[in-house]
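This report concerns only the one structure given below.
FYI, it's all coordinate maths here, none of it is from the lab. Note that this is a predicted model, so its numbers are computed, not measured. Ideal geometry is used to build each Cβ from the backbone, glycine not excepted, and the neighbour counts take in all protein chains shown.
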Amino acid sequence: MSTPANRKALWITSRVIAVGVISVFCGTSETRAQNAPSDALDRLLVAGDASFAVLSDRQLEILRQSLAVYINSLPTQTVLALDEERERRSFGPIYLQHAMPIGRGGLDAVTLLQHASWSALDSIDIREAGLINRIPGFLNQPGVESRATLSLASETFGFGARYGVRPDFEVGLMVPVQRVCVSGIRSVIVGSNATAPVDIDACGAGVGDVQISAKYVHSGTDWNLGAQVGVSLATGDPDELTGKGTTQPGFTLIASRRIGPLQPVFNLGATLGGHGVQFRTVTVFGSEALIVEQVSAPKSINYGGGALVVFGQRLTLSFEVVGRTLHNGVEFAPFGNGDSQSLELQPVHWQSNVLGVAGAKVALTDKIILSSHVSHQFSSAGLRPSWVAGASVTVAKAGTRQ
């Protein structure tokens, strides 16, 4: 039945989709469209002359794979979890999973857009010429210093939905489209003479890693318990930074309070599949050294907690902390002294990434919920965003609880 509320929901959702598609696919200049991020990183950090390179070919391969994993592991908003009391309606958390069933025949659809600007890689400020390769002079050969700045930005436009198969069981789908932009400048000084700088500016876009999930919820009087299983499919392209390149199943255990103005939420789970960065010990001139043998997305232990503050029927605020402890990671660190410096890769058995997020969800009508959020990474490991911001529109159709 076509009601004014339904027509308004369709109008708002179509506008959000249009804006997202334009932002993802049409926001690049002609120059950027001709240069994929993969090729741009190669020109910036390796180029044709090895003596002017900032990284080796193998280091670039590991860096590119690591960037793809970090960018595509950044969480996006979960599909709406809606619960109603007589006095208030809770619209659920931003990143965390909520133990709230949608009900039999219920259907929620969300369109979202999230932007992240990446600023640091472990202890290196990649925006401020933190990538350095300095070779001292030898005999009649002058010394060479190569420095590179690197700016990274990613935008995720996604469509997600969940459907209630039974009152306590639902299935979900999230289809992301990733747009990743890289820009930077490499400067080279040979002896005391500076060469012409290399300037790159490129964007790439494509379907990211599609996520499929199923959730069971046991409803209690005060608290609900739930369990979700899912899989992240390797549908993105890691060479262009739009996917992790590894299919990863996972599970999450959920506990959340379902009544009252203050509703805590807790998650604990794991991501399986992949092996991370694996090193091998070799002997070079009588000394042992580590070399990277293979790279893929890592397994991880995932956890989080937060609180929802519910104001009547129209507003829910969410404050959350979300963490991932990665198994078999790599740390990028400067190595050397004033005369000689390069980038060293060091194995890290466990690596922790912790995000804090604050968000708000507002009901525009009974069926349309607008959400916005900002997040910041507290931990210093890995690729770190300087800030993350996102927004979404959800159209919700409630199901039956019987």
Exercise for the section: Compare GLU293, GLU128, GLU240 in a GNM of the chain, Cα atoms joined below 10 Å, and give the one with the largest fluctuation. Expected result: GLU293
Exercise for the section: If a/c stays under 1.5 just call it rounded; otherwise compare a/b with b/c (prolate if a/b is bigger, oblate if not). Do that for the chain, with a ≥ b ≥ c from the square roots of the Cα gyration tensor eigenvalues. Expected result: prolate
Practice task
Give the residues of the range 153-180 whose amide nitrogen is closer than 13 Å to a point set 7 Å from the Cα of ALA214 in the direction of its Cβ.
Solution key: 165-166, 169-172
Problem - Point-charge dipole on Cβ atoms (K/R +1, D/E -1) for the chain, about Cα centre, debye to 20 - result: 1740
Exercise for the section: Would you be so kind as to identify which of GLN341, VAL330, MET174 lies farthest towards the positive end of the dipole of the range 4-397, taking Lys and Arg as +1 and Asp and Glu as -1 on Cβ and the Cα centre as origin? Expected result: MET174
Handout entry: Karplus-derived HN-Hα couplings along the range 206-211 (A = 6.51, B = -1.76, C = 1.60, θ = phi - 60°), whole Hz, x at Gly and Pro
Key = x, 5, x, 7, 6, 10
Problem - Rel. contact order, % - alpha carbon contacts under 8 angstrom, at least six apart, the chain - result: 20
Completion exercise
For the chain, whose charge dipole is built from +1 on Lys and Arg Cβ atoms and -1 on Asp and Glu Cβ atoms, the candidate among VAL46, GLN294, SER219 with its Cα farthest towards the positive end is SER219
Completion exercise
Per the helix-only model, the chain has a calculated mean residue ellipticity at 222 nm (DSSP H runs of ≥4, -39500 (n - 2.57) each, divided over all residues, rounded to the nearest 500) of -4000 deg cm²/dmol
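For Cα pairs less than 8 Å apart in space and 6+ apart in sequence, what is the mean separation divided by the residue count of the range 335-402, i.e. the relative contact order in percent?
Normalised by residue count, the contact order of the range 335-402 is 26 percent.
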Exercise for the section: Can you grab the distance from the C-alpha centre of the range 126-164 to the C-alpha centre of the range 297-358, Å, no decimals? Expected result: 19
